[in-house]
1. Could you tell me whether Gly74 is under 29 Å from Arg102 (Cα atoms), out of contact with any strand residue (DSSP E or B) (no Cβ under 6 Å at 6 or more places or on another chain), open to solvent by less than 50 Å² (accessible area, probe 1.4 Å) and free of Cβ contacts under 8 Å to residues at least 60 places away in the same chain?
2. Within the bounds of segment 76-93, is there any residue that is within 43 Å of the chain's Cα centre (by Cα), among the aromatic types (Phe, Trp, Tyr) and assigned to a helix (DSSP H, G or I)?
3. Restricting to segment 39-58, and then to whatever is open to solvent by less than 30 Å² (accessible area, probe 1.4 Å) and among the aliphatic types (A, V, I, L, M), can you tell me which residue is farthest from Val97 (Cα to Cα)?
4. Looking at segment 78-108 only, could you name the residues that are surrounded by 12 or more Cβ atoms within 10 Å (Cβ to Cβ), farther than 17 Å from Thr66 by Cα and among the charged types (D, E, K, R)?
Amino acid sequence: MLKEILAVSGKPGLFKLVSRAKNMLIVESMTDGKRIPAYARDKVISLGDVTVYTTEGDMPVSEILTKIKEKENGGKISLDISKAQPNEVRAYFAEIVPDFDRDKVYPTDIKKLLKWYEILITNGITDFSKKEEEEEEQSEETATDTTGDTAAAAASSKDDSTVAKSAVANAAKLKTTASTKRKDASLTAVKSAASVAAKSSSKAKTSTPKKSVVGAKRGG
């Protein structure tokens, strides 16, 4: 959920991601519901990527929001954020994150986090756990993998169909070629037989006079 919640530099409050367009995002204020464009030049940060400096490393904002929720029993901040002095803000935050880095985390940063918490619970967003976001990401990845497998299967089926069609076409071509060769062979045989018959007939006609000639000689 926090991945879809954005902070836009120079603009107060938090925003929901509505849609993406070329070189900009359309976001909706979680305070007054107004929609505005956030361009590539604007510094836009997802709450899911925000961390806070501690002496032991960086702590995800999801953990801090959860700790605030536990301290306030799911209700609003007990501290008057707008009127609280810097030392009061630090003292309040130290109860939540005792090891926060006092040199890097300023009272203004803490106030911003506390205001974010109030905006979120006012909009009914009370589950800040990282686990939910990881499950959503895994679900999206699974959907993407399934789509990819389906597309691959369709492509494979299409390829198989193409190969089958090609094989049928080749078989038909080979059958036609064989038939043509048989016809050519038969025609050649017929022509050869006709040629032999013609030669035999010609020979027979030629030999008849010879016999007559020879008989005439013998008769004399």
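1. Yes, satisfied.
2. Yes, segment 76-93 contains a residue that is within 43 Å of the chain's Cα centre (by Cα), among the aromatic types (Phe, Trp, Tyr) and assigned to a helix (DSSP H, G or I).
3. If we take residues in segment 39-58 being open to solvent by less than 30 Å² (accessible area, probe 1.4 Å) and among the aliphatic types (A, V, I, L, M), then Leu47 is farthest from Val97 (Cα to Cα).
4. Once the filter is applied, which keeps residues that are surrounded by 12 or more Cβ atoms within 10 Å (Cβ to Cβ), farther than 17 Å from Thr66 by Cα and among the charged types (D, E, K, R), segment 78-108 yields Glu88, Arg90, Asp101, Arg102.
The values are calculated or read from the model by the stated rules, or taken from the named source; none is laboratory data. This one's a predicted model, so the numbers in the text were calculated from it and none came from an experiment. Cβ sites come from the backbone with ideal geometry, for glycine too, and all protein chains shown count toward neighbours. Protein only, heavy atoms only, side chains kept; ligands, DNA and RNA dropped before computing areas. Shrake-Rupley method; radii C 1.70, N 1.55, O 1.52, S 1.80 Å.
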